[in-house]
Amino acid sequence: VSLGVGGAAMSSKADEQEGASSAPAADSLQAWLARLRRERDASRSTLSTRVAELCRELEELAQEASPRKSEAARNALAALGPDALPLLVPALEPGEKAVPAAKFRATQVALVLADAKLSGSLTELLRHVKNGSPSARANALFVLAKHGDPARAFPALAAVYAGDKGAGRGEILTGLATLGGAEADKLVAEALYAAAAEVVGSAMESLALSKN
């Protein structure tokens with residue numbers, strides 16, 4: 001019996017020691033995660049500041065019409081790396097009543113994103129297509145046409161095309177055609193066939209009316 005009591009006492013003491021040793025480990029993990037979050041937030045803040053500076057620089061270059069300087073500013077944005085690309089997506093929108101400098105900045109940012117083959121930010125890009133100004137829509141479609149993940153970009157853009165009955169529908173079709181692939185080719189062919197049938201139908205109707 002004494003051995004059993006002794007064993008229980010030793011087991012209880014071991015449990016206490018294990019609990020004591022695991023508490024600091026848990027605290028260390030929490031502290032490490034908190035430090036990582038602070039570092040990430042600080043890095044993102046620094047990146048956002050630099051993106052804003054370069055976007056302002058692009059707007060200032062609008063009046064200079066210097067391809068060399070514009071290219072240098074675009075290269076500087078691209079050099080910020082993939083983490084900076086999502087931060088550029090809002091800059092595709094120059095505004096409904098945008099000044100030329102803002103439009104220039106937006107088109108230059110579109111070039112950066114397209115060249116980098118942005119592989120994310122689909123929701124934000126599609127929001128520009130559906131709700132943005134005409135300039136933002138054109139810029140977003142340009143980026144989507146060269147998206148780095150066409151397998152995801154195509155069905156998302158095709159869904160927008162299917163629901164869009166406006167005059168800008170052809171721009172979306174152009175973007176889908178640029179994305180390429182068997183599905184894109186099929187969709188474009190069907191759209192062209194439907195357009196041709198509509199044209200023929202209108203012509204036949206006009207001809208019939210002219211004979212009456």
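The values are calculated or read from the model by the stated rules, or taken from the named source; none is laboratory data. This is a predicted model, so every value here is computed, not measured. Note: ideal-geometry Cβ built from the backbone for every residue, glycine included; neighbour counts use all protein chains shown. Surface areas here come from the heavy atoms of the whole protein model, side chains and all, with no ligands, DNA or RNA. Shrake-Rupley method; radii C 1.70, N 1.55, O 1.52, S 1.80 Å.
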| message | Return the pair list, or none, for Cβ contacts closer than 9 Å from residues in region 178-198 that are closer than 17 Å to LEU157 by Cα and in a helix (DSSP H, G or I) to residues that are open to solvent by 60 Å² or more (accessible area, probe 1.4 Å) and modelled with pLDDT under 85, at least 6 apart or on different chains. | response | ALA191/ARG169
| said: List the residue pairs whose Cβ atoms are under 6 Å apart, where the first residue sits in region 26-50 and is small (Gly, Ala, Ser), the second is modelled with pLDDT of 70 or more and loosely packed, with under 10 Cβ neighbours inside 10 Å, and the two are 6 or more positions apart or on different chains. | reply: none
| query | When residues of region 67-124 are filtered for being farther than 15 Å from LEU47 by Cβ, assigned to a helix (DSSP H, G or I) and among the charged types (D, E, K, R), how many remain? | reply | 8
| request: Test ALA182 against the stated conditions and say whether it is surrounded by 15 or more Cβ atoms within 10 Å (Cβ to Cβ) and more than 12 Å from the chain's Cα centre (by Cα). | output: no
| Of the numbered conditions (1) under 23 Å from ALA182 (Cα atoms); (2) in a helix (DSSP H, G or I); (3) open to solvent by 40 Å² or more (accessible area, probe 1.4 Å); (4) not small (Gly, Ala, Ser), TYR161 satisfies every one except a single condition; which is it? | (3)
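Considering only residues that are among the polar types (S, T, N, Q) and in a loop (DSSP other than H, G, I, E, B), which ones fall in region 125-158? Reasoning before the result, please.
The first filter runs over region 125-158 and keeps only residues among the polar types (S, T, N, Q), leaving 131, 133, 135, 139.
Matches in region 125-158: SER133 only.
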| task | Would you mind telling me which numbered condition in (1) open to solvent by less than 100 Å² (accessible area, probe 1.4 Å); (2) at pLDDT 90 or above VAL5 fails? | result | (2)
